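As structure tokens, the structure follows; a few thoughts come after it.
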Amino acid sequence: MRMIANVLRSLGHRAVDGVWRLGFIARFLAMVLLYSGQSFRRVHLTIREIYFSGVLSLLIILVSGLFVGLVLGLQGYETLQRYGSSEALGVLVALSLTRELGPVVAALLFASRAGSAVTAEIGLMKTTEQLTAMDMMAVNPIARVVAPRFWGGVISMPLLAALFSAMGVFGGWLIGVPFIGVDDGAFWSQMQAAVDFRYDILNGVIKSVVFGVAVSLIAVFEGFDCVPTAEGVSRAITRTVVSSALAILALDFVLTSFMFRG
Amino acid sequence: MPPSTSDSLVSLRNVRFAYGEREILRGIDLEIPRGKVVAIMGGSGCGKTTLLRLIGGQIQASSGEVRVADKVLKNLPKSDLYALRRRMGMLFQFGALFTDMSVFDNVAFPMREHTNLDETLIRDLVLMKLDAVGLRGAYKLMPAELSGGMARRVALARSVALDPMLIMYDEPFAGLDPISLGIIGQLIRRLNDALGASSIMVTHDVSESLEIVDHVCFVSEGRIVAQGTPAQIRESRDPFVHQFVHAEADGPVPFHYPAAPIAEDLLGAEERR
Ligand SMILES: Nc1ncnc2c1ncn2[C@@H]1O[C@H](COP(=O)(O)OP(=O)(O)OP(=O)(O)O)[C@@H](O)[C@H]1O
Ligand SMILES: [Mg+2]
């Protein structure tokens, strides 16, 4: 009896805690948006963060995209040829990438490459009193440090996802056409006919924008909110990676169910 | 004796502050007269940094009143607080330099954020500030390449970058060799007089600070227990002041953080076994 009560109590406690934290994040987002003016007025601040989050993630995004495309090419061909429609390989590769794999996998990689770095940087700035010092100089740390990093991530994410998909399509082609011998013309023309700009590509871009907002928000929030010690920073980084992954996958389900109901 | 409010840039009236349950400050009364350099001394952990944070508006007193430039800090809107802080400089106990910027950019930071000066002028100003702390030659280095004492001198240059009216130094002498210590002490005095500013200096360095300050306050157990001009302090027969000035181990200043007697702690562990 007691045990059940305890379990219920801790469950309730966690739920309340989670909701409270969500409200906290929402308020933080409102603050970031409120103080975003500077990120655009002094655009070099944001460009610097696009470089650190976006450009430095390019390599891992491109290489992963290529490998995912190669695997898609192999697996897709293997399945399609059973039904004698191996020319549809281009369609399969392009649709899987633009609708799902591009945004989702790129966002997962982005969270672990760039999101964790942003959390670590902001967390360390907090630990070494740099944020307090800035605040004492009458410079708002949310406007000067947090908002440019947030927007840098939001802008980088869709571009990285697009590059991931492009690289993946190239990987699929590499396996399908020169390696296996699918007809080159059929590969591209079927792809062109089957992929719809609004339905497939635009929805994919919307997904990657949503993921970009989610990952960037989680990364800056965890850094800003961390316990200012070495241990606190390392925990915050872990939380960034874990909650970003969960958020991406859950949001993907929600978005997919709205976008592609058939 | 402390002068009346209008002559004071900073005034604290019966200020109390607690971190959670632990009350750190228990009724501080303090006046910082305009144009003067005031030293605050006290044992480690007695709440000196906390006092500076209260004056800077980073934390709020749980009761009592903190006034800076005739503004009450309690519930001051953020924009007003920022307007006030633009005219304050603070040297943090651990420097708090921006690690992603060079020494030059650190000192230039407040100028770039708050003024429209063009880069050539900023360059001259920054090099002048760095020259004053003896580090003009180090302007290209990153904070990670500085020694502890150098980092604090850069932080000092940064805290006076905008020629503030109130400068707060949290242990400016920590980690300095005797030569730089003397120079920095003189610099603090000269800056104060040249800018017409007021300075608050938290320090443990009794002999150096008695040379340069106008007024000394001793903090203990959350209160100001003694204060006076350096001459009065040197003469003082107050046991607390005497212990501090002559660095004696025995006296009213406790060395230990409050705890149960050590015998109890050690024997207690024995019994539990
Ligand atoms: N963030 C905090 N949370 C809880 N307690 C704190 C915090 N910061 C400081 N304290 C406590 O407040 C007391 C005063 O701290 P403060 O940093 O003001 O001391 P100090 O006089 O500056 O000491 P020192 O000369 O060693 O720098 C200390 O006993 C410390 O334990
Ligand atoms: Mg201190």
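The values are calculated or read from the model by the stated rules, or taken from the named source; none is laboratory data. Quantities reported herein were computed from a predicted structural model and do not represent experimental measurements. A quick note on method: Cβ atoms are made from the backbone with ideal geometry, for glycine too, and the neighbour counts reach across all protein chains shown. Ligands, DNA and RNA are stripped out before the accessible areas are found, and what is left, the full protein with its side chains, is counted by its heavy atoms. Shrake-Rupley method; radii C 1.70, N 1.55, O 1.52, S 1.80 Å.
Between amide H atoms placed 1.01 Å from N, distances below 5 Å from B:Lys36 occur with B:Ser199, all of them 5 or more places distant or on a separate chain. Probing with 1.4 Å while keeping every protein chain in the model, the per residue accessible area of the range A:35-259 equals 43 Å².
Couplings for the range A:225-234, taken from phi via the Karplus curve 6.51 cos²θ - 1.76 cosθ + 1.60 with θ = phi - 60°, read 9, 5, 6, x, 9, 4, 5, x, 5, 5 Hz in order; Gly and Pro are left as x.
The HN-Hα couplings worked out from phi for the range A:122-135 by the Karplus form 6.51 cos²θ - 1.76 cosθ + 1.60 (θ = phi - 60°) are 5, x, 5, 4, 5, 4, 8, 6, 5, 5, 5, 4, 4, 4 Hz, whole numbers, x standing for Gly and Pro.
Charge dipole (Cα centre; +1 on Lys/Arg Cβ, -1 on Asp/Glu Cβ; no other charges) of chain B amounts to roughly 760 debye. Site pair A:Ser85 and A:Phe260 shows an inter-label distance of 1.5 nm when each label is modelled 7 Å from Cα along Cα→Cβ.
Computed from the C-beta positions of A:Ala26 and A:Leu56 and an R0 of 35 Å, the FRET efficiency is 0.75 to the nearest 0.05.
Excluding ligands, DNA and RNA, what is the accessible area buried between chains A and B, summed over both sides, using a 1.4 Å probe, to the nearest 100 Å²? Counting both chains, the buried surface is close to 1800 Å². The listed residues B:Ile40, A:Ile237, B:Ile59 rank as A:Ile237, B:Ile59, B:Ile40 when sorted by accessible area, largest first, using a 1.4 Å probe. Comparing B:Ser180, B:Ser79, B:Ser207 in a Gaussian network model of chain B where C-alpha atoms under 10 Å apart are linked, the largest mean-square fluctuation is found at B:Ser79.
Using Cα atoms only, what is the angle between the long axis of helix A:58-80 and the major principal axis of chain A, expressed in degrees (0 to 90) to the nearest 10? The angle comes out at about 40 degrees. Of the residues in the range B:86-107, those shielded by at least 50 Å² of accessible area once partner protein chains are present, compared with the chain alone at a 1.4 Å probe, are B:Phe92, B:Phe98, B:Asp100. Build a GNM of chain A with springs between Cα atoms under 10 Å apart, and of A:Leu89, A:Leu58, A:Leu34 the one that fluctuates most is A:Leu34. For GluC sites (Glu not before Pro), the sites in the range B:1-89 that DSSP calls loop and that have at most 15 other Cβ atoms within 10 Å are B:Glu21.
Straight-line reach from B:Lys129: taking Cα to Cα under 22 Å and skipping same-chain neighbours fewer than 8 places apart, the lysines in range are B:Lys36, B:Lys140.
Can you give me the Cα centroid spacing of the range A:113-177 and the range A:1-77 in angstrom? The range A:113-177 and the range A:1-77 have Cα centres spaced 10 Å from each other. Every pair of different Cα atoms in the protein assembly as shown enters the Kirkwood calculation, which places the hydrodynamic radius at 27.3 Å.
Ligands, DNA and RNA excluded, the heavy atoms of B:Asp131 present near 80 Å² of accessible surface to a 1.4 Å solvent probe. Seen from A:Ser85, the other residues with C-beta closer than 14 Å to its C-beta sum to a net charge of -2, counting Lys and Arg as +1 and Asp and Glu as -1.
Each part reduced to its alpha carbon centroid, the range A:83-99 and the range B:68-92 end up 63 Å apart. Under 10 Å, Cα contacts only: if you run a Gaussian network model on chain A, which one of A:Leu92, A:Leu131, A:Leu56 comes out with the highest mean-square fluctuation? Result for chain A, Cα springs under 10 Å: A:Leu56 fluctuates most. Rounded, prolate or oblate: which fits the range B:45-120, taking a ≥ b ≥ c as square roots of the Cα gyration tensor eigenvalues, rounded meaning a/c under 1.5, else prolate when a/b beats b/c? Since a/c reaches 1.5 but b/c is at least a/b, the shape of the range B:45-120 is classed as oblate. Spin-label model, A:Thr238/A:Arg48: points 7 Å from Cα along the beta carbon direction are separated by 3.2 nm.
Shape analysis of the range B:31-71 places it in the oblate category; the axes a ≥ b ≥ c from the Cα gyration tensor give an a/c of at least 1.5, with a/b not above b/c. What angle, in degrees between 0 and 90 and rounded to the nearest 10, separates the Cα long axis of helix A:2-34 from the longest principal axis of the Cα atoms of chain A? Around 90 degrees separate the two axes. The label-point distance for A:Leu246 and A:Val227, in a model that sets each label 7 Å from Cα toward Cβ, rounds to 1.9 nm.
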